[in-house]
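Structure first, then comments.
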Amino acid sequence: MAVVGLKQVTLALLDDTGAILAGTSGLSTNGTFPITNDMLGTKTANITNISSAPTLIYGNDGQVDASIAKGTPSVAFDFNNLPAAVKNKVLGRVNDSKGGYTQGKVPKIAVLIQTTEIGTLDAQYIGFAAGKMNETALNLQTNTATEVRVDDALTFTAFSVSKWGGQAIKFFDGGDAQFTEATMMSDVFTGYTVPSAG
């Protein structure tokens, strides 16, 4: 299965129990925060360490098996223009009520990435039920004859969760006959409720 594009990324802050935070404590009324075109979307989501390198097993003078341990996935995100309040919240920066932010406890967040399968055009999703986001550098540059933008380059490190059998990543096939978006959202974002119509 090949995929094309990066359709959308959705984020949510988690409380100490792993449930999403909603309202003023979270990122939106119901807790989930899709990175929309209004904030110029997401440029890249580079997922690495989905699985570890195999350890070869030898016997009878040959390679007879391989042991492949669980991966420790991380995602290098390039967001074009995250709202300042959202960026500071996911990084755990604390507002001093005077417009300033200092580093506080880094919160756990959940992430859902959507792409599209080539040919069928079915939505494909990669979910992370828990992890932490960090920003390692901020390379500011002077404008020249052209505008020099510095995107929001954040790295997400995923954690294992018991509800997924100790795995840190889960894949969802939007073309599967049993698939529903609401079920997937509840699976990735613990405590998710479908927004009411209107």
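Tabulated data
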| quantity | calculated |
| --- | --- |
| Rounded, prolate or oblate (a/c below 1.5 giving rounded, otherwise prolate when a/b exceeds b/c) for region 1-50 by Cα gyration tensor | oblate |
| Charge tally in the Cβ shell below 15 Å around Lys89, where Lys, Arg are +1 and Asp, Glu are -1, Lys89 excluded | +1 |
| Residue with peak Gaussian network fluctuation, the chain [Cα springs, cutoff 10 Å], from Tyr125, Tyr101, Tyr58 | Tyr58 |
| Antiparallel %, DSSP beta bridges [both residues in the chain], to 5 | 100 percent |
| Full-extension gain in nm, Glu135 to Thr24, via 0.36 nm per residue minus C-alpha separation | 37.7 nm |
| Within-15-Å neighbourhood charge of Tyr101 [Cβ basis; K, R +1; D, E -1] | +2 |
| Max mean-square fluctuation residue, GNM over the chain, Cα-Cα springs under 10 Å, options Glu135, Glu117, Glu147 | Glu147 |
| Over the chain: helical MRE at 222 nm, DSSP H runs n ≥ 4 each giving -39500 (n - 2.57), nearest 500 | -2000 deg cm²/dmol |
| Relative contact order [Cα under 8 Å, 6+ residues apart], region 62-181, whole percent | 29 percent |
| Alpha carbon centroid spacing (whole Å) that separates region 142-198 from region 41-82 | 18 Å |
| Which label in [x] 11.2; [y] 16.9; [z] 11.9 gives the computed mean projected area of the Cα convex hull in nm² | [y] |
| Local net charge near Ala123, Cβ-Cβ under 11 Å (Lys/Arg +1, Asp/Glu -1) | -4 |
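Read-outs: derived from the displayed coordinates by stated rules, not from any lab. Note that this is a predicted model, so its numbers are computed, not measured. Neighbour counts run over all protein chains shown; Cβ positions are idealised from the backbone, glycine included.
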